[in-house]
Amino acid sequence: MSRTTVIVLVALGAGLAGLAFSSAAERLRDRDTAAGESVPAGPQTASLGWRETFGPTGEQLVFSVESLQVTPTGWRARVSVTNDTTAAYEVGDPRATLDRSFGLMLFASGKPEELEERNVSRTLPAVRPALRYEPSLPAVLESGDSWSGTISAPGALVAGSWVRVVFGALIVVGKPPEGVEDTVVWITDHAYRLKP
């Protein structure tokens, strides 16, 4: 692929991302805003203490979100994932596509029904992927292991929208234990409403 082609593709991707952001901002605007316009969330820090599990007892993946911070230039979240299953999961593939990213999703409400409906209808919002992982994700999360760290990315988030944290995809190495999926993308049931 020529350098010109790469530059055109990058410019096209940036344009589409801008269009997607403006469309999402329009849909997610705070209905209480007097001007009726979306505004970026201001700097804020939320101590969340979320802990959610996936899988049957004895074969669970545990997803935790300690905190979320919106900065003047982006966002960061302190998160962890624990593998309490008997299988290992691929997590940190440096060649991963966006659908393998940890990150954030913005919703119009914090209602679990919205998450469920959008998941079933395959209309989930785009992941705002984390671009930094500190420390780096492990390539494989072995049975009994945990990873804790900070995920972050630049970019504004829309005030009044509800943030959910996305973990995944985690892909089982070998055969999954009974009752456990071979690929897991976890979107938190909990949600946090961004302040102006």
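Here's the yes/no breakdown for (1) at pLDDT 95 or above; (2) not β-branched (Val, Ile, Thr):
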residue: SER23; (1), (2): no, yes
residue: PRO43; (1), (2): yes, yes
residue: THR53; (1), (2): yes, no
residue: ASN83; (1), (2): yes, yes
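Kindly indicate whether any position in the range 162-185 is under 20 Å from THR73 (Cβ atoms), touching a strand residue (DSSP E or B) at 6+ places or on another chain (Cβ under 6 Å) and either basic (Lys, Arg) or surrounded by fewer than 17 Cβ atoms within 10 Å (Cβ to Cβ) (or both).
As a first pass, look at the range 162-185 and keep what is under 20 Å from THR73 (Cβ atoms): 163, 165.
Filter again for touching a strand residue (DSSP E or B) at 6+ places or on another chain (Cβ under 6 Å), leaving 163, 165.
Subsequent filtering for residues that are either basic (Lys, Arg) or surrounded by fewer than 17 Cβ atoms within 10 Å (Cβ to Cβ) (or both) retains none.
No, every residue in the range 162-185 fails to be under 20 Å from THR73 (Cβ atoms), touching a strand residue (DSSP E or B) at 6+ places or on another chain (Cβ under 6 Å) and either basic (Lys, Arg) or surrounded by fewer than 17 Cβ atoms within 10 Å (Cβ to Cβ) (or both).
Name the residues in the range 121-156 that are basic (Lys, Arg) and either surrounded by fewer than 13 Cβ atoms within 10 Å (Cβ to Cβ) or out of contact with any Gly (no Cβ under 9 Å at 6 or more places or on another chain) (or both), would you? Walk me through it before giving the result.
Taking the range 121-156 first, the residues basic (Lys, Arg) are 122, 128, 132.
Those that are basic (Lys, Arg) and either surrounded by fewer than 13 Cβ atoms within 10 Å (Cβ to Cβ) or out of contact with any Gly (no Cβ under 9 Å at 6 or more places or on another chain) (or both): ARG122, ARG132.
How do the strands (runs of 3 or more DSSP E) wholly within the range 85-187 filter down when requiring 2 or more residues that are farther than 22 Å from GLU59 by Cβ: which remain?
Values: elements: 88-90, 103-107, 132-134, 146-154, 162-173, 183-187.
The qualifying strands (runs of 3 or more DSSP E) are 103-107, 132-134, 146-154, 162-173.
Filtering the range 57-69 down to residues that are surrounded by fewer than 22 Cβ atoms within 10 Å (Cβ to Cβ) and either assigned to a strand (DSSP E or B) or under 12 Å from the mean Cα position of the chain (by Cα) (or both), which residue is modelled with the lowest pLDDT? Quick ask: steps written out before the conclusion?
Within the range 57-69, the first condition is being surrounded by fewer than 22 Cβ atoms within 10 Å (Cβ to Cβ), and the residues that meet it are 57-60, 62, 64, 66-67, 69.
Checking which are either assigned to a strand (DSSP E or B) or under 12 Å from the mean Cα position of the chain (by Cα) (or both) leaves us with 60, 62, 64, 66-67, 69.
Working: GLN60: 93, VAL62: 98, SER64: 98, GLU66: 98, SER67: 98, GLN69: 98.
The selected residue is GLN60.
Being outside any loop (DSSP other than H, G, I, E, B) and more than 27 Å from PRO43 (Cβ to Cβ) is the requirement here; does THR82 meet it?
Working: outside any loop (DSSP other than H, G, I, E, B): yes; more than 27 Å from PRO43 (Cβ to Cβ): yes.
Here the answer is yes, as THR82 does meet what is asked.
The values are calculated or read from the model by the stated rules, or taken from the named source; none is laboratory data. Note that the structure is predicted; figures quoted are calculated from it, not measured. We place every Cβ from the backbone using ideal geometry, glycine too, and count neighbours over all the protein chains shown.
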